[in-house]
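As C-alpha cells, the structure follows; a few thoughts come after it.
What follows is calculated from the coordinates using simple rules that are stated; it is not laboratory data. All figures in this text were calculated on a predicted structure; none of them were measured in a lab.
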Amino acid sequence: MGSNNLSTAAVVFIVFLILKLTDVIDWSWWWVTSPLWLPIVFGLALIFVVLMIALISIAINERNVD
C-alpha cells in the first residue's frame, strides 16, 4: 500500500489552480499561488520576531550589567 501525503497547502493550491484555469475565479496569480508561499513568509516572519526579541533581550542584559 502506497501512502499519498499531500499537504493542506498543496491541496488548496490545486483547488485554486483548477478554479483559476476554468475561469471560476478571477484572482491574481499571486493569490492562486499563495498557499505555496504564505507558509514560508509566516515562518520567516516568526524567525525574525524571535531574533528581534533575543537581540533586545541581550541588549537589555548587557545594559543592566554595566
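Structure above, values below:
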| read-out | value |
| --- | --- |
| Degrees separating the helix 34-65 axis from the principal Cα axis of the chain, which is the longest one | 0 |
| Acute angle (nearest 10 degrees) that the helix 8-21 long axis makes with the longest principal axis of the chain, alpha-carbon atoms | 50 |
| Over 13 Å [Cα-Cα, segment 1-45], rounded percent | 59 |
